[in-house]
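Undergrad: Handing you this structure, nothing more for now.
The values are calculated or read from the model by the stated rules, or taken from the named source; none is laboratory data. A quick note: this is a predicted structure, and the numbers were derived from the prediction, not measured. Every residue, glycine as well, gets a Cβ built from its backbone with ideal geometry; the counts of neighbours run over all protein chains shown.
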Amino acid sequence: MSVRSGRMDTVTRAVLFRAACPDCRGRFELASDAIRLAIGATDRTTFYSFTCPDCGTAVRKPAGERIVALLTGGGVRTLRLYSTV
């Protein structure tokens, strides 16, 4: 954060996540807006997904507590698949 002319300007840095495609075995970095996180009622229904930039395959991988924390902390859009009521 820097202060200029009596006002505050913030610098936003893009968060990148390392990922891999199980089909083409490509390894790459994805911005937070390229990943979706779905949080289900159980570990089996909690996952993240993205499209492989190398081969175009839709990839879906399980997301445990650590992955959920990293992705949400990095600004990945989240969808809750269960009711909190």
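Undergrad: Only residues in region 20-46 that are more than 10 Å from residue 81 (Cα to Cα) and of a type in the set (Val, Ile, Thr) count as the first member; pair them with residues that are part of a loop (DSSP other than H, G, I, E, B) and modelled with pLDDT of 95 or more, Cβ under 6 angstrom, at least 6 apart or cross-chain, and list the lot.
TA: Filtered contacts from region 20-46: 35/76.
Undergrad: Please work out which residue is farthest from the chain's Cα centre (by Cα), limiting yourself to region 31-49 and to residues that are within 14 Å of residue 60 (Cα to Cα) and of a type in the set (A, V, I, L, M).
TA: If we take residues in region 31-49 being within 14 Å of residue 60 (Cα to Cα) and of a type in the set (A, V, I, L, M), then 39 is farthest from the chain's Cα centre (by Cα).
Undergrad: Please go through region 37-63 and pick out each residue that is at pLDDT 95 or above and surrounded by fewer than 12 Cβ atoms within 10 Å (Cβ to Cβ).
TA: 56, 58, 62, listed by residue number.
Undergrad: Still on this structure, I have one more. Residue 82 versus (1) crowded, with 17+ Cβ neighbours inside 10 Å; (2) in a loop (DSSP other than H, G, I, E, B): which is the lone unmet condition?
TA: (1)
Undergrad: Another question, if that's okay. Could you list all residues from region 5-32 that are of a type in the set (D, E, K, R) and modelled with pLDDT of 95 or more?
TA: Selection gives 18, 23, 25, 27, 29.
Undergrad: Also, quick follow-up: Out of region 64-79, which residues are exposed (fewer than 11 other Cβ atoms within 10 Å of the Cβ) and either in contact with a Cys (Cβ under 8 Å, 6 or more places away or on another chain) or closer than 19 Å to residue 14 by Cα (or both)?
TA: Within region 64-79, just 73 meets the criteria.
Undergrad: When the residues of region 16-33 are narrowed to those that are crowded, with 17+ Cβ neighbours inside 10 Å and among the aliphatic types (A, V, I, L, M), which ends up nearest to residue 75 (Cα to Cα)?
TA: Selected residue: 30.
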